[in-house]
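Asker: Can you read through this structure? Questions will come right after.
Derivation of every value follows stated rules applied to the coordinates shown; laboratory data play no part. Given the structure is predicted, the values throughout are model-derived calculations rather than measurements. In this analysis, Cβ positions are derived from the backbone assuming ideal geometry, glycine residues included, and neighbour counts consider all displayed protein chains.
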There are 2 protein chains.
Amino acid sequence: MAEDISRFDICPCAVTISLLDSKWKILILRELLQGPKRYGELKKGVVGVSQKMLTQSLKEMQADQLVDRKVYPEVPPHVEYSLSSLGQSLYPVAEALENWGIAFIKNSDPDYLAKRFNIHEPGKHWLRIPDRSKE
Amino acid sequence: MAEDISRFDICPCAVTISLLDSKWKILILRELLQGPKRYGELKKGVVGVSQKMLTQSLKEMQADQLVDRKVYPEVPPHVEYSLSSLGQSLYPVAEALENWGIAFIKNSDPDYLAKRFNIHEPGKHWLRIPDRSKE
DNA sequence: CAGGATCCTTACGGATACTG
DNA sequence: CAGTATCCGTAAGGATCCTG
């Protein structure tokens, strides 16, 4: 089974990270793990993202088959984004990232964290991924 | 317990990704999961990395407490890098990333993958993380 | 409402040359 | 051997203005 992918000669870890690089995609993923959302909702949910980056990230995630885009032929326009089944399958990955991140944050010096992640302004509510363990 | 980190107002997933962003760090992590390595060994193991990026990545990983650096006072110089316990704790994360990456690669169009990840030159042996499940 | 199109700045990262 | 220092091109990403 490992042979099937060996010809690609590429690190699967790096692939996964590549698909999620730029914090915006992670935050978009987090939003969409809560269910389908409209463009405007994502814009508000992913605090700090520019229109350009949101659009661009969503396009890339569509190209990567992680996100589905549904257009409702209405006026004014109504576009809904949701996770594909592939996108949904990222849940365990997000969970692993979150668990490790929580432990890291707890064990790190607050001042270091603040500098490392440019946290000057509080209130940006970088929420956590939704908890599905009880569902 | 969630309250302990709530004041940081930051997404743990994004934190974890941030620490691993740039493919080089992932590949360095992969190398060091195999055990301590010297600078030159890493340079060879992480195929394609420039000296600048290797040094820079290692410095950041040290600052993030992921990597330990040990200098042997010899001539010629002998420096050994290894994962800290914090770095070692990334193993489950790497595993999750790898498992998802393998599935993604298997289910993706080879041509798309080649374009998406700029795979023109084969033989760069982006190996996978070491298997510890049988240890 | 959901974007497209531009401009512009910065910082990432490669190549090269040098050092204790 | 294990780096440091410098130059430099590219491209990521923010800000702004416009549109179906």
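Asker: Can you compute the label reach from B:LYS44? Point 7 Å from Cα along the Cβ direction, backbone N cut-off under 17 Å, restricted to region B:50-75.
Answerer: Flagged as within label range: B:50-51.
Asker: Turning to a different aspect of this structure: Go from 0 up to the bin containing the longest alpha carbon distance in region A:2-116, width 10 Å each, and give me the % of pairs per bin.
Answerer: 12, 37, 32, 15, 4, 0
Asker: Obtain the nm distance between the two label points defined at B:GLN88 and B:LYS52 by a simple spin-label model: each point lies 7 Å from its Cα along the Cα-to-C-beta direction.
Answerer: 3.5
Asker: Using packing as a proxy for protection, rank B:100-110, A:28-38, A:48-58 so that the peptide with the highest average count of other Cβ atoms within 10 Å comes first. Let's see the in-between values first.
Answerer: Working: B:100-110: 16.5, A:28-38: 18.5, A:48-58: 14.9.
Ranking, from highest mean packing down: A:28-38, B:100-110, A:48-58.
Asker: Sticking with this structure for a sec: Longer than 31 Å from Cα to Cα, which of B:LYS23/B:LYS106; A:LYS25/B:LYS70; A:LYS44/B:LYS52; A:LYS43/A:LYS115; A:LYS25/B:LYS59 are they? Say none if no pair is.
Answerer: Working: B:LYS23/B:LYS106 20 Å; A:LYS25/B:LYS70 36 Å; A:LYS44/B:LYS52 38 Å; A:LYS43/A:LYS115 25 Å; A:LYS25/B:LYS59 26 Å.
Cα-Cα > 31 Å for A:LYS25/B:LYS70; A:LYS44/B:LYS52; rest within.
Asker: May I ask which residue of B:ILE28, B:ALA63, B:ILE17 lies farthest towards the positive end of the charge dipole of region B:2-116, with charges of +1 (Lys, Arg) and -1 (Asp, Glu) on Cβ and the Cα centre as origin?
Answerer: Farthest towards the positive end: B:ILE28.
Asker: Turning to a different aspect of this structure: Quick check for you: which residues of region B:58-102 have the amide N under 15 Å from the point 7 Å beyond the Cα of A:ASN107 toward its beta carbon?
Answerer: Zone members listed by number: B:62-68, B:83-94.
Asker: Oh, and also: Return the FRET efficiency for the residue pair A:LYS59, A:ASN118: r is the Cβ-Cβ distance, R0 is 22 Å, and the value is rounded to the nearest 0.05. Show your work: numbers first, answer last.
Answerer: Details: r = 26 Å, r/R0 = 1.17.
Plugging the Cβ-Cβ distance into 1/(1 + (r/R0)^6) gives 0.30.
Asker: Moving on to the next point. Which whole number gives the average count of other chain Cβ atoms within 10 Å of the Cβ atoms across peptide A:17-26?
Answerer: Working: counts 10, 6, 6, 7, 6, 3, 8, 1, 2, 8.
Average per residue, whole number: 6.
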